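The values are calculated or read from the model by the stated rules, or taken from the named source; none is laboratory data. Small disclaimer: the values here were computed from a predicted structure and weren't measured. In this analysis, Cβ positions are derived from the backbone assuming ideal geometry, glycine residues included, and neighbour counts consider all displayed protein chains. Protein only, heavy atoms only, side chains kept; ligands, DNA and RNA dropped before computing areas. Shrake-Rupley method; radii C 1.70, N 1.55, O 1.52, S 1.80 Å.
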Amino acid sequence: QTPLSHINLKARQNDTPNAYVQDAGKHPDIAPYIGQNVYYRVGVDGFEIRPATDAEVDAHFEAIRPSEEQIPIRNLEVTEIAPLSDIRFANANAYGSKAANVAELRRILGDVAPDGVAIPFYFYDEFMKHNGFYDLAEAMMADPTFQAVPAVRETRLKAFRDQIKDFGVLPQWMMDALATMHASFPADTSLRSRSSTNNEDLEGFNGAGLYESYTHHPHEGHFAKTAKQVWAGLWTYRAFEEREFWRIDHLTASMGILVHPNYSDELANGVGVTKNIYIPGPGWDGHYVNVQVGENLVTNPPPGSIPEEFVIANLSFGAEYEIQYIRRSNLVPEGETVLSREQALELKDAMNTIHNYFRGLYGNPPNYAMELEFKIDSAGKLAIKQARPWVE
């Protein structure tokens, strides 16, 4: 996994001990405990692992789990699909933080951010009510076997997603609205349809990798097919388990959809943090970046992929930023870099803008930084497709 992959961001958010151990399944200090609950601690020079008692496990989870149910905020009075140009940060309660933040990115960065539209929570809510899916979800969650057996939950949730995708019917007004939205894009455009919920991209909870996004290709017909896929993604096993642990109410969790033209044949993709996480503090301002060639994702890397990892920072206390490479990509020739110096500096400027702009929107919190996902598109241009609070 890359340092800024979804799984590592989740570990940082949840304060989960996180280390790579080669051949862990055969390691003499690990293998005896496979299948057991363990106490696990990671330090600078290694790790400690031993069996954990039930009391330790219960105490640990009780200490970090909220004591009361959390009800996600959703504004169902907003009923229209809106262009990103009409959406502001405050509209996250109707369209989701991902869509609202991309709209703000578009406002401050222009064509560097994607342009598109957002479908509000209202559509998801009306679809679920129209098909009686809330009632089905309540019955499913009330089943004692569903509650007690993880394998049963996983199987039942998959069946529920399949029912949403295969048998969900959209009311005619919704079909018409989605058709009009689809027609607003140039013909033969593949549309990236991205999850934008009311329980991700939040301060203290990033929800990285919990939900599904899909690309709607021109040959796939009505956009309703893809909308149902995204809506069903609210009920993935991993998302349900995460919400359950944090006591987030499943029935008020809601899915908006961010829609914009799909990127294809990108030259590079990456994740950055608007903070020098290696040398934090005054005088060492900078950014930390992971980037890899092509569509070899940093967020969910395939086996064997090692990204370019660098800090771009004002290390000389002057006006000139320096790039310090921590490691090089294993997919480019030796001595070469994924990003040119000019591309890295352009990314740095955009990250400065994002950092300063969103700081005010989030109320100047302590230890603030933003995490973003970016691409170098097929034309060699920088594209920043997402920004959310950095959680640690």
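Values as computed for the structure displayed
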quantity: ³J(HN,Hα), Karplus 6.51/-1.76/1.60, whole Hz, each residue of region 36-43, x for Gly, Pro; calculated: 10, 6, 10, 8, 9, 10, 10, x
quantity: Residue with peak Gaussian network fluctuation, the chain [Cα springs, cutoff 10 Å], from ASP188, ASP162, ASP111; calculated: ASP188
quantity: Residues whose placed amide H lies under 5 Å from that of THR215, excluding near-sequence neighbours; calculated: SER193
quantity: Rounded, prolate or oblate (a/c below 1.5 giving rounded, otherwise prolate when a/b exceeds b/c) for region 36-179 by Cα gyration tensor; calculated: oblate
quantity: Whole-Hz couplings from phi, Karplus 6.51/-1.76/1.60, listed for region 286-293; x for Gly and Pro; calculated: x, 9, 10, 9, 10, 8, 9, 6
quantity: Highest average packing first - 232-239, 169-176, 302-309, Cβ atoms within 10 Å; calculated: 232-239, 302-309, 169-176
quantity: Distant-in-sequence amide H partners of ILE326 (H built 1.01 Å from N, under 5 Å); calculated: GLU309, PHE310, VAL311
quantity: Placed amide H near GLN70: partners under 5 Å, 5+ positions off or other chain; calculated: ILE248, ASP249
quantity: Whole-percent carbon and sulfur share, accessible surface of the chain, 1.4 Å; calculated: 51 percent
quantity: Whole-Å distance, taken between Cα centres, linking region 255-303 and region 68-98; calculated: 25 Å
quantity: Percentage relative contact order, the chain, counting C-alpha pairs under 8 Å, at least six apart; calculated: 19 percent
quantity: Linear extension gain, THR189 paired with ASP265, 0.36 nm per residue minus alpha-carbon span; calculated: 25.9 nm
quantity: Solvent-accessible heavy-atom area per residue, rounded to whole Å², over the chain at 1.4 Å; calculated: 48 Å²
quantity: Region 351-392-region 183-200 distance, computed between alpha-carbon centres (Å); calculated: 20 Å
quantity: Surface accessible to a 1.4 Å probe, SER213 within the full protein complex, Å²; calculated: 30 Å²
quantity: Calculated diffusion of region 325-388, Stokes-Einstein form, Kirkwood radius summed over Cα pairs, 10 °C and 1.306 mPa s, µm²/s; calculated: 117 µm²/s
quantity: Label assignment, P(r) over Cα pairs in 10 Å bins from 0, in percent derived from the structure, set (1) 5, 22, 29, 22, 15, 6, 1, 0; (2) 5, 24, 32, 23, 12, 4, 0; (3) 4, 20, 30, 26, 15, 4, 0; calculated: (3)
quantity: Descending semi-axes in Å of region 176-316, equivalent ellipsoid built from Cα gyration tensor; calculated: 32, 22, 14
